[in-house]
Structure formats: C-alpha cells, structure tokens
Amino acid sequence: MRVALTNADKKYAVLDHSKLDKRDFYTFYSLSDCDALITDPWISQKDLTEYSHYTRVITTPLN
C-alpha cells in the first residue's frame, strides 16, 4: 500500500467522521503527505480545524 501511495500523482484519504480522531498501533502513511482528506459533512468543527493543519479537508454534500 505504501508503494502505491508513494507513486500516486494524487493521494486522498477517505474516511467517515466516526473514523477520525482514532489512534492505532500501526501507521503506514502520514496525512500530511495526502492531497486531501475526504469525509462526510458530520465532521466536528474541532476535527475540521485539527485535520486542516495537515491537509485540505473536503466534505461530501448532504443529500
């Protein structure tokens, strides 16, 4: 997975808001190396502010 991301022209992380602000024992890529984080519109203002320090945050529209 790391090789694919390293060689990609554009790198996006796609996560719904419930996956944000979680820690794991393994990290394979840094969010600051991604072009953008794509998430749903229910991201909290706190998380939006936090993740905007690392990369552009794109939210999907409400349907």
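Taken over region 47-63, the criterion of being of a type outside the set (Val, Ile, Thr) and without any contact (Cβ under 8 Å) to a residue 12 or more places away in the chain is satisfied by LEU48, SER52, HIS53, ASN63. If you go through region 30-45 and keep only what is more than 8 Å from HIS17 (Cβ to Cβ) and among the hydroxyl-bearing types (Ser, Thr, Tyr), you end up with SER30, SER32. If only residues of region 17-51 that are open to solvent by 60 Å² or more (accessible area, probe 1.4 Å) and outside any loop (DSSP other than H, G, I, E, B) are counted, the one that is nearest to VAL3 (Cα to Cα) is ASP33.
Where residues in region 1-13 are surrounded by 12 or more Cβ atoms within 10 Å (Cβ to Cβ) and not in a loop (DSSP other than H, G, I, E, B), which of them is modelled with the highest pLDDT? Only one residue tops the list, namely TYR12. Of all residues in region 52-63, those being open to solvent by less than 70 Å² (accessible area, probe 1.4 Å) and not hydroxyl-bearing (Ser, Thr, Tyr) number 2. Give me the pairs: first residue in region 7-28 and among the acidic types (Asp, Glu), second residue assigned to a loop (DSSP other than H, G, I, E, B) and surrounded by 10 or more Cβ atoms within 10 Å (Cβ to Cβ), beta-carbon distance under 8 Å, and six or more apart or on different chains, which are they? These pairs meet every condition: ASP16/ASP40; ASP16/TRP42.
The values are calculated or read from the model by the stated rules, or taken from the named source; none is laboratory data. Source: prediction; values computed, not measured. Glycine gets a Cβ as well: all are built from the backbone with ideal geometry, and neighbour counts include every protein chain shown. Keep in mind that these areas ignore ligands, DNA and RNA; they rest on the heavy atoms of the full protein, side chains included. Shrake-Rupley method; radii C 1.70, N 1.55, O 1.52, S 1.80 Å.
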